[in-house]
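Some notes on the structure that comes next.
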Amino acid sequence: MKPAPFSYERAASLEEAVAALAVAGDEDVRVIAGGQSLGPMLNLRMVRPTRLVDIHRIEALRAIDVLADGGVRIGACVTHAMLEDLPSGDRFPPGLAEVLRHVAGGIAYRAIRCRGTIGGSLAHADPAADWPSTLAALGATIELAGPSGRRSVPAGAFCLGLFETAIEPGEIVSAVVLPGSGIRRWGHRKHCRKAGEFAHAMAVCIERDGERLEVWLGSTGGAPVAIALDRAALAAIGGSEAQQRAGVREYIAAALPDAISPGDAYARHLHAQVAAEAVNDTLANRT
Ligand SMILES: Cc1cc2nc3c(=O)[nH]c(=O)nc-3n(C[C@H](O)[C@H](O)[C@H](O)COP(=O)(O)OP(=O)(O)OC[C@H]3O[C@@H](n4cnc5c(N)ncnc54)[C@H](O)[C@@H]3O)c2cc1C
């Protein structure tokens, strides 16, 4: 199948793109970035925009900058491949470049990673996408530009559900900002039937200060979900490595919200197992 007819324009700047989104009448105007999700949706006629605004070549959206406070700002049109290929992170906060490289390198196939963008992935909000849970775990902030100016939303509050986000009409994701504090230990696991496919379960665990681990679960069918383990919870688990692994698994299974795959014992087992493995990798510092 081929897309329904639409007109196409390439924006030269973010301001131009925001202005182009200011729709008149019945017009359905959409942004296109890498086209890796929008392309198939157009071809299947699941969406029928009348106009597409291409933001993929806006230079300012393709930049990765280290900020004065040590944080890192990643433009919305930075591709997964650019993050996979990050040079050894001399200026990045400790651990951050490693997490970004690892997660980006596990998304789909290289051809898709060369086109697909971090902003497109967030805006599309497929529950099985890798960036929503990863960026929430990393404590990122999502920058939006729209007709009323710019605003920021914490990544943990950005995805609201299945293909649903905090983006308001006329807004564009302009960047992702990551905090400057270093990462002590981390773990990332996902379960796919076949390498390169969307995952059935995924989890990212980040430890910054030795007091608390936060594990964010993706592929939940809705927004990413957080489970925290503080020092007291970990001390209560204790014991040998084998006991600790089993204890973490039990803790996560008990903390798994009822809303995740209700009535599907296999899926719930998978989510708990994958999350426990991400936590255990973090604790063992094996990543
Ligand atoms: C076969 C296949 C396998 C995949 N596997 C994975 C996987 O394992 N993990 C994973 O995370 N992803 C996966 N993806 C998704 C892919 O990685 C892209 O991230 C995703 O398609 C969206 O990025 P894009 O830049 O291509 O967005 P587009 O397809 O261009 O746009 C997607 C949607 O977001 C909107 N949009 C795009 N950019 C912006 C912006 N800056 N601001 C506001 N709205 C915007 C568009 O209007 C559209 O509605 C897979 C895709 C395919 C085709």
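Here are the numbers for the structure shown:
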item	result
Total charge dipole magnitude, region 1-149, about the Cα centre, Cβ charges on Lys, Arg, Asp, Glu only, Debye to nearest 20	520 debye
Region 151-269 - Kirkwood radius from inverse mean 1/r over Cα pairs (Å)	16.5 Å
Nearest-20 debye value, the chain charge dipole, Cβ charges on Lys, Arg, Asp, Glu	700 debye
Rounded tilt (10° steps) of 265-284 against the dominant C-alpha axis of the chain	70 degrees
Highest-MSF residue in the chain out of VAL177, VAL78, VAL29 [GNM, Cα springs under 10 Å]	VAL29
Loop trypsin sites (Lys or Arg not before Pro), region 122-201 (other Cβ atoms within 10 Å of the site Cβ: 14 or fewer; DSSP)	ARG193, LYS194
Accessible area of the chain belonging to carbon and sulfur atoms, whole % at 1.4 Å probe	53 percent
Hull-based mean projected area of region 7-53, where the convex hull spans the alpha carbons, in square nanometres	3.3 nm²
Fluctuation leader among MET202, MET46, MET82 - the chain, Gaussian network, Cα springs under 10 angstrom	MET46
For region 141-218: rounded, prolate or oblate by the Cα gyration tensor [a/c cutoff 1.5]	oblate
Extension gain, GLU16 back to ALA246 (0.36 nm per residue minus Cα-Cα distance, nm)	77.4 nm
Per-selection metrics, the chain (Cα): Rg and Dmax in Å	19.5, 66
Stretchable slack from GLU197 to ASP69, in nm (0.36 nm times residue separation minus alpha-carbon distance)	42.4 nm
Phi-based couplings in Hz for region 239-253 (Karplus 6.51, -1.76, 1.60; Gly and Pro marked x)	x, 6, 4, 5, 5, 5, 4, 5, x, 4, 4, 5, 4, 5, 4
For region 77-160, alpha-carbon Rg and Dmax in angstrom	13.1, 38
Residue with peak Gaussian network fluctuation, the chain [Cα springs, cutoff 10 Å], from PRO147, PRO224, PRO132	PRO147
Separation of the HIS269 and ALA284 label points, Cα + 7 Å toward Cβ, nm	2.1 nm
Selection of trypsin sites (Lys or Arg not before Pro), region 200-287, meeting DSSP coil and at most 14 other Cβ within 10 Å	ARG286
Accessible area (Å², per residue) of region 132-188, counting only protein heavy atoms and a probe of 1.4 Å	38 Å²
In region 1-60, the trypsin sites (Lys or Arg not before Pro) that fall in loop regions by DSSP, at most 14 other Cβ within 10 Å	ARG45, ARG57
Pairs of Cα atoms farther than 16 Å apart, region 1-110, %	66 percent
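The values are calculated or read from the model by the stated rules, or taken from the named source; none is laboratory data. Here the structure is a predicted model, which means the values were calculated and not measured. Here Cβ is always computed from backbone atoms with ideal geometry, including for glycine, and neighbour counts include all displayed protein chains. To get the accessible areas, we keep the full protein, side chains included, count just its heavy atoms, and leave off ligands, DNA and RNA. Shrake-Rupley method; radii C 1.70, N 1.55, O 1.52, S 1.80 Å.
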